[in-house]
Each structure stands twice: as structure tokens, then as C-alpha cells.
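Here the structure comes first, spelled out in C-alpha cells, and everything after it is commentary.
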Amino acid sequence: MKKEAHIKDSPVRHAHTNLDGRSSCAKATEDKPEALSTEALAKVDLAGGSSMVQQYSWFYKIIPPSILAMITGLIYWPSLNYEFQFDDIANITKHFNIRSNTLSSLKFTGTRWISYWLNAIHYSIGKFEPYSYRVGNVIIHTANGLLVYFILLTALSNLRKPSFFKNNAFLISLLTALLFLLHPVQTQTVSYVIQGELEGLATMAILGMVLCLLKFAQAKSFGAQTFLGTLLFGIAALSCGTKEIAIISPALLIIVDWFFIAQGEWSSFKKRAWIYGLLSVFIIGMYLWLIKSAFFTKILEVKKNNIGNVITADPNAMITPLSFFISQFKVLLHYLWIFIWPFNICVEYDWVLSRGFFAPDCIFPFMALLGIAYGTFKLLQRNMGNLVAFGIIWFFTCMAPRSSFIPSPELLVDYKTYMASFGFLFLLSCGLTYAFTKLINAYKNIAVLAHPKYGALMAGLIFAIPLGISTVKRNTVWRSGLEFWENIIHNAPGKARAYNNYGVELSQKLQQFAQAIPYFQKAIGMDAKYPDPCNNLAVAYSHLGRTDDAIAALRQGLAINPYYPEGYNNLASFLLIKKDYDQAEKALNIALKLRPYYGKAYFNMGRVHLERGDQEKAWQCFKDSCTKADLDTDIGFATFAKVSLGLKKYDEAIFAYKKVLEINPNYPDAQFNLANVYFLWEKYEEAVMVYDNIIKQNPQEMRAHYNQGEAYLKINKPDKALICFQRVEKMQHDVPQLPIRIAACLEKLGKSQQARSYLVDLTNDAKAPQNIKQIAAGLITTLDKHYPVKLG
């Protein structure tokens with residue numbers, strides 16, 4: 001009986017879960033179970049345990065991570081040019097300081113300074129083109145997935161006792177990283193650019209700290225420990241500039257230490273307790289320095305609903321810490337469920353706060369969470385280092401600051417699970433690994449599946465196919481604003497914001513103003529305190545010629561929110577149509593007071609001054625719109641250039657046209673107008689060079705050939721001017737004065753008879769305008785008298 005008990009408790013019992021699956025191993029354990037020691041078991045392990053990691057270290061450190069990175073890049077490749085959506089528009093395209101932010105001006109100035117710096121870099125690369133920003137997010141996400149892989153491979157392969165987790169370290173690490181990288185839920189974080197940077201960078205910092213801690217615990221030399229400890233605190237300092245959630249890093253490091261380093265032994269853990277104490281003081285000190293203590297004293301204050309996003313049953317009610325807390329029970333269950341069943345996920349949900357603790361949507365989720373807590377407690381009772389408990393504790397620790405008594409106008413958003421997902425995906429991957437090893441045991445004759453490396457890789461690649469397909473499909477909702485908000489209307493029909501923004505897409509992107517009006521009206525009906533749809537309804541009315549209705553809708557919106565600069569700017573636009581310049585100016589002054597860098601308001605103020613005939617004031621407004629404010633677009637600079645040219649401010653016009661070409665090299669006539677400004681400013685050499693560039697790009701551009709000829713005449717190069725004019729002549733364009741210009745060139749080259757011949761032909765041309773003929777006749781008379789006239 002003793003021997004049977006020994007066999008039952010022996011690790012040999014779990015040998016059938018190894019990826020090897022060879023009959024010889026199984027037979028050895030059955031015939032002589034007591035002969036296979038713990039050390040022997042570790043050597044026989046072919047599933048990626050420590051011995052295999054050491055033997056094939058180059059393979060485990062290079063091949064799987066490379067494959068994971070390539071698959072991730074391939075899956076997200078179609079989305080790299082998707083438009084900015086939702087808050088990305090406000091936080092990137094309307095974030096004025098993105099133009100001037102630098103590392104030196106941003107470093108350690110706030111709790112999100114790194115993302116601001118990254119966006120400044122992206123702006124310098126492609127202005128507001130989404131490609132660079134999205135590539136950056138995919139890189140961050142990929143790096144986080146690889147960190148997950150290396151953390152688990154390091155932690156699991158260095159467990160002291162043989163176990164399912166140690167024996168299958170490679171496959172568990174691979175599948176967890178794969179789930180992390182390719183799960184459809186993660187698309188919200190990756191494709192939501194600003195949150196991908198904030199959540200992604202915070203997660204990267206914490207995972208980097210975890211890997212440093214694991215390597216620190218393994219380091220043998222004082223030098224290595226010093227380096228890794230310094231690196232750990234360095235990353236901790238940077239983590240405080242990613243997002244406020246990074247403040248939980250000491251707690252997460254403690255969890256990792258307990259389960260993977262101390263492995264449930266207090267005597268081991270307490271040797272490093274000083275690190276976590278020092279790190280906690282350091283990080284809290286950093287946050288107190290960056291955001292001041294007032295932030296911590298206000299986080300429990302009641303909150304108002306966001307406009308268009310009411311989460312209370314009564315729209316006028318406040319969001320209290322208690323009501324938010326009891327509503328998070330159902331939210332936490334939702335967060336767990338979406339990783340199992342991600343088919344109804346949405347960027348926004350129309351959930352509301354629970355009405356009370358005993359409401360069905362509170363009490364039942366609470367009981368389910370109690371069951372999870374009790375199960376975790378029982379696991380820890382049996383084994384204080386139980387790794388199933390690790391996954392659960394990591395998940396709920398990450399979610400605790402967001403799903404507790406700290407109220408927020410956002411009841412739930414799936415990107416908040418990004419950091420927490422590591423723990424739960426680890427549990428899912430363990431379940432998948434267990435299923436796979438059972439499959440191996442059933443099909444031992446398939447050699448490639450039983451191979452220690454390639455079997456695991458094949459399992460990962462096979463599993464990546466449905467994951468990748470579902471991720472690509474889910475990610476398409478970010479492809480356009482129309483698809484984005486249509487998906488939210490479908491999944492969250494109670495959101496006024498969704499109807500408003502869908503209407504915006506119909507009107508602004510598709511010019512379907514009449515079709516957009518019902519969506520704006522529905523949003524207004526759903527939330528009487530939501531001003532945005534009033535403003536957008538006004539814009540739709542204006543495009544349909546209903547100016548009075550547009551003004552009424554705007555005034556309704558401004559009555560709800562008198563601090564809305566877009567509303568005042570649009571009101572001014574409509575007042576301009578009605579020629580009420582005084583009221584338009586008043587509205588624009590309010591808009592500029594609310595937003596001093598509001599370029600469109602400066603632009604409309606310029607229009608007001610133009611209508612009044614005050615050219616200088618108008619010019620200053622158009623200049624400010626693109627040089628001091630955020631209308632630094634091709635249209636903004638082109639308008640400034642045109643007005644500058646009209647006032648003969650040639651230097652300003654040249655500056656503006658150069659900016660237009662810098663932003664949009666294909667802007668219509670920008671190069672041609674730049675060359676003309678040079679010509680008018682009597683900078684003929686510069687004009688010639690710009691005309692030459694135009695001709696290289698479009699050899700059939702007659703105007704460039706002709707004007708270049710005029711410029712050559714101005715710098716006394718009649719031979720080159722003649723070539724330009726003759727090109728125009730060959731193009732057979734109707735240029736009545738062309739023979740006169742050719743004659744001028746010939747006369748300057750001493751070919752007066754040829755010049756006279758051109759002029760005579762012109763006077764005999766029945767199609768030539770009479771005034772041109774008269775000029776030609778006068779020049780012939782002058783030539784006949786041999787008067788030294790300069791025809792140019």
C-alpha cells in the first residue's frame with residue numbers, strides 16, 4: 001500500500017503530458033516507476049523544460065520569437081493605413097503641441113510624457129498620416145508579446161520541482177505569447193493608437209521590470225546583479241511616464257517573485273523583500289513628484305457622466321465610488337469572458353451602473369467572483385506556489401485600480417485588460433497545452449507532433465490560423481469611421497455618442513447630409529445635454545441651404561455647452577452667409593478665447609475682414625491661422641499665400657507656397673504659383689529653376705514653358721527664351737501674343753528680318769485679335785525705320 005501511494009504521488013504520473021509521447025518512456029514508467037528519479041525526469045523531458053532550453057538555447061531564443069514577430073506583423077499589416085478613430089482625433093490630430101514637443105521639453109513633465117514624445121516623433125515623420133503611428137503601435141505590441149514569451153520561458157524552465165508547467169515550459173510560453181499577440185480582444189489596444197501607446201508602453205515597462213527581476217534572481221555575480229538592479233530601477237523611472245496604471249508594478253513584481261522565484265517559500269521571498277519596499281517608495285515618490293498629491297486625494301470624488309456617454313440610470317445622477325464599485329462585478333466577468341468568447345466585443349458598450357447590491361446584474365456576478373476567489377484560496381492552501389493561482393491573481397491585481405472604488409465616466413472598455421490579459425492568457429495556454437499533450441499521447445505515431453521543438457511550433461502555428469483570421473476580421477472595424485461607429489451602434493444601441501459620430505461620418509466623409517440628419521436628431525433625443533449633435537446637425541442643415549435652421553441648432557448646442565469653440569466658429573460661418581459680420585466677429589472672438597490656437601476660427605475671422613474690405617487685418621488672420629494656430633495644412637498655407645500675393649507681400653507668399661509644397665507636393669498649381677511669385681518679385685533666376693522643375697514633371701505644361709521664356713528675356717537670355725517660346729509654338733496652343741515674344745527674341749539675337757516675318761504673318765492672321773495685330777503693325781513700322789527698339 002505504501003508503494004502504491006508513492007507511485008500515485010510521484011511526478012512520473014505526469015509523464016504522459018510531455019510532448020515526447022514515445023512509447024519507450026511510457027513503458028519505462030509503468031514497469032519501474034520507482035527507478036525514474038526527479039533528476040532523470042528532467043532529462044527525459046522533451047517539452048521545452050530547462051534542460052532542453054539550455055541544449056537548444058539558440059533555437060528557443062531566436063526561431064520562435066522571430067516567427068511570432070513575423071506573424072504579428074503579417075496579421076496587422078492590412079491595418080497600418082487605417083484612419084484615426086475616436087479619441088485619436090482629439091489626442092493626435094487636434095493636439096496642437098505635437099508640432100513642437102521634444103524630448104528635452106517633455107521628459108519627466110507628467111505621467112504620460114513618453115507617449116507625447118513618441119507622437120511628436122511620428123508627426124515629424126509623416127505629420128498626421130496614420131501609418132507611422134500604427135507601425136509604432138504594432139512594434140510596441142510585438143515587443144510586449146516577445147517579453148511575455150521570454151518571461152515565461154525563463155520563469156517556468158527554472159522552476160525547482162518537475163511539474164506540468166516546467167515540463168511544458170516552451171509550449172506554454174509559445175501559446176501564451178501567441179494568444180497575447182493575436183487574440184481579437186487585443187485589437188482594441190493595438191488599433192486605438194493613443195491607448196496602444198499608453199497601455200502598451202505601461203505594459204512594456206512592467207514586463208521589462210519582470211524580466212529584469214527574473215534575471216536578477218538568477219545572476220550569480222555581484223556585477224550582474226548591480227547592472228540588473230540598476231536597469232530595474234531605470235525602467236521603473238520610465239514607467240512613471242507611460243500611464244498611471246504603472247503604479248501597480250511593485251505589487252506585480254511581488255507576485256512574480258512569490259510564484260516563480262520564491263515559489264511559495266517565505267524564507268526565499270523575504271531575502272528580496274527590501275527590493276520591493278525600496279521600489280515602492282521610489283515609484284510612489286516619482287508619482288507624487290509628477291502629478292502632486294492632489295491627484296491621490298481627488299480620485300475618489302464623485303464623477304459626472306461624459307456627454308453622449310451616460311452610464312447612470314438617471315442621466316442627471318453622479319457616479320459615486322460605491323455605485324461604480326458594485327457595478328464592476330459584472331464588468332470583471334465580462335473581461336474574463338471576452339478572452340474565451342470574443343465574438344461580441346465592441347469598442348463601447350451601453351451598459352449602465354447597477355441599481356444596487358442586490359440587483360441581479362450585481363449579486364450574481366459578485367457570487368461568481370466569490371467562487372473564483374474561493375477556488376484560488378483552496379489552490380493556495382494546497383500549494384502556496386500554485387501557478388494557476390498566479391494567473392488569477394495577476395489578472396485581478398492589474399484590474400483592481402480600475403475596477404474598484406475609483407469612479408470613472410467609463411464603466412468598461414476592453415483595452416483596460418491589456419496588461420491583465422497576461423495572467424488569464426497564461427491559464428488558457430496551460431489548458432491548451434494540456435489538451436495538446438493529450439492529443440500527442442493519442443497519436444504517438446505522428447513523429448513531427450512528438451518532436452520536442454517542431455511539434456510545439458506546429459501546434460502554435462496551427463492555433464495561430466484561426467486566431468489570426470479572427471483578429472484580421474475584428475480589426476476591420478477600425479478601417480473607416482463609418483464601419484467603426486456602425487459596429488458600435490449595432491453592439492451598443494443605447495449610446496448617443498455612436499449615433500452622433502455615425503452621422504458625422506455620413507455627412508463629412510460621404511457628403512450624405514440629408515441621410516445624416518436623423519442620426520443627429522436621435523442623438524439629441526437620447527441625451528438632451530449632449531451639444532455635439534446640435535453642432536453637427538447645424539452643419540448638415542447649412543449644406544442643404546437651411547441656414548436659419550443651422551443657426552437655431554447651433555444656438556441650442558451652445559445653450560447646453562457655452563464653452564464649445566467649434567460651435568462658435570460654425571455659428572460665425574453661418575452668420576457670414578447672412579452678412580452679419582459684427583455678430584460673426586463676436587462669435588469668433590469667443591472661439592479664439594476658448595481655444596487660442598484654433599486655426600479655422602482665425603481663417604473665418606480673415607473672411608470677416610475681407611468682406612469688410614480690410615485687407616491687412618484679413619492677411620494677418622490668415623497668417624496666424626497657419627503659423628500660430630492649427631490650420632497648418634496645405635489649404636491654410638495656400639490661402640495665406642494667395643492673400644499675400646494679392647497684397648504684393650512676395651516674401652510671405654513664397655514662404656507660404658513652399659510650406660504648401662512641403663505638406664502636399666501635388667497641391668494644384670502650388671509650384672506654378674511659387675514660380676510666378678518669384679517672377680513678380682523680380683527673382684528671375686529662381687523663377688526659371690522652379691519652372692524647370694514643373695517642366696520636368698510635366699513636359700506638356702505650356703504655361704511653364706511660356707513663363708520661363710519671359711523670365712529668360714528678363715535676364716537677357718533671348719536664345720534660351722526663344723527655345724521656350726518655340727516649344728509653346730509646337731504645342732499649337734492658342735497664345736495670340738506668342739509671335740510678338742518670338743519676334744522680340746529674334747530681334748535681340750540680331751535676326752531682325754526673321755522677327756519682321758513673324759510680325760507680318762501675325763498681322764495677316766485672320767484669327768488673331770485686333771489689338772494684337774495693331775501692336776505687331778507698330779513693331780513692324782519701328783523695324784522698318786531701323787529704330788533700335790527693345791521689343792522685350
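The values are calculated or read from the model by the stated rules, or taken from the named source; none is laboratory data. Because the structure is a prediction, the values reported are computed rather than measured. Cβ: placed from backbone, ideal geometry, glycine included. Neighbour counts: every protein chain shown. Areas reflect the complete protein model, heavy atoms only, side chains present, ligands, DNA and RNA absent. Shrake-Rupley method; radii C 1.70, N 1.55, O 1.52, S 1.80 Å.
A few points about this structure:
- Restricting segment 215-250 to residues that are part of a helix (DSSP H, G or I) and free of Cβ contacts under 8 Å to residues at least 12 places away in the same chain, the residue that is farthest from Phe108 (Cα to Cα): Phe222
- Search result, residues across segment 264-276 that are without any contact (Cβ under 8 Å) to a residue 12 or more places away in the chain and either within 28 Å of Val388 (Cβ to Cβ) or among the hydroxyl-bearing types (Ser, Thr, Tyr) (or both): Trp266, Ser267, Ser268, Lys270, Lys271, Ala273
- In the set Gly126, Gly136, only one residue is modelled with pLDDT under 95 and open to solvent by less than 30 Å² (accessible area, probe 1.4 Å); that residue is Gly126.
- None of Leu201, Leu211, Leu171 is part of a helix (DSSP H, G or I) and within 17 Å of the chain's Cα centre (by Cα) except Leu201.
- Asn305 being surrounded by 17 or more Cβ atoms within 10 Å (Cβ to Cβ), within 28 Å of the chain's Cα centre (by Cα) and in contact (Cβ under 8 Å) with a residue 40 or more places away in the chain: yes
- Taken over segment 515-532, the criterion of being aliphatic (A, V, I, L, M) and open to solvent by less than 60 Å² (accessible area, probe 1.4 Å) is satisfied by Ala516, Ile517, Ala523, Ile524.
- Scan of segment 309-361 for residues that are touching a residue at least 12 places away in the same chain (Cβ under 8 Å), of a type in the set (S, T, N, Q) and either open to solvent by 20 Å² or more (accessible area, probe 1.4 Å) or farther than 21 Å from Phe396 by Cα (or both), ordered by number: Asn309, Thr312, Thr320, Ser323, Asn344
- Residue among Phe637, Phe574, Phe622, Phe603 that alone is of a type in the set (Phe, Trp, Tyr), surrounded by 16 or more Cβ atoms within 10 Å (Cβ to Cβ) and without any contact (Cβ under 8 Å) to a residue 24 or more places away in the chain: Phe622
- Yes/no for Asn589 being open to solvent by less than 10 Å² (accessible area, probe 1.4 Å), polar (S, T, N, Q) and either out of contact with any Asp or Glu (no Cβ under 8 Å at 6 or more places or on another chain) or under 23 Å from Gly308 (Cβ atoms) (or both): no
- Residues (open to solvent by 40 Å² or more (accessible area, probe 1.4 Å) and touching a residue at least 24 places away in the same chain (Cβ under 8 Å)) located in segment 533-555: His543, Leu544
- Residues in segment 491-510 that are open to solvent by 50 Å² or more (accessible area, probe 1.4 Å) and either under 19 Å from the mean Cα position of the chain (by Cα) or without any contact (Cβ under 8 Å) to a residue 60 or more places away in the chain (or both): Gln508, Lys509, Leu510.
- Among the residues of segment 369-380, not a single one is touching a Leu at 6+ places or on another chain (Cβ under 8 Å) and surrounded by 19 or more Cβ atoms within 10 Å (Cβ to Cβ).
- Number of the exception - Gln770 against (1) at pLDDT below 85; (2) loosely packed, with under 15 Cβ neighbours inside 10 Å: (1)
- Residues that are more than 16 Å from Asn309 (Cβ to Cβ) and part of a helix (DSSP H, G or I) within segment 504-518 comprise Glu505, Leu506, Ser507, Gln508, Lys509, Phe513, Ala514, Gln515, Ala516, Ile517, Pro518, listed in sequence order.
- The single condition among (1) in contact with a helix residue (DSSP H, G or I) (Cβ under 7 Å, 6 or more places away or on another chain); (2) at pLDDT 95 or above; (3) more than 25 Å from Gly391 (Cα to Cα) that Tyr287 does not meet is (2).
- Residue match in segment 727-741 (condition: open to solvent by 50 Å² or more (accessible area, probe 1.4 Å) and of a type in the set (A, V, I, L, M, F, W, C)): no
- Test: residue in segment 192-210 that is modelled with pLDDT of 95 or more, of a type outside the set (S, T, N, Q) and over 24 Å from Leu103 (Cα atoms): yes
- Checked against the criterion of being of a type in the set (Ser, Thr, Tyr), modelled with pLDDT of 95 or more, more than 16 Å from the chain's Cα centre (by Cα) and crowded, with 16+ Cβ neighbours inside 10 Å, segment 58-78 has at least one qualifying residue.
- Under the condition of being of a type in the set (Ser, Thr, Tyr) and over 28 Å from Phe180 (Cα atoms), the residues counted in segment 353-411 number 1.
- Residue count for segment 91-124 under the criterion of being under 15 Å from Gly196 (Cα atoms) and assigned to a helix (DSSP H, G or I): the result is 10.
- From the options Tyr678, Tyr657, residue that is open to solvent by less than 30 Å² (accessible area, probe 1.4 Å), within 21 Å of Met689 (Cβ to Cβ) and either without any contact (Cβ under 8 Å) to a residue 24 or more places away in the chain or not in a helix (DSSP H, G or I) (or both): Tyr657
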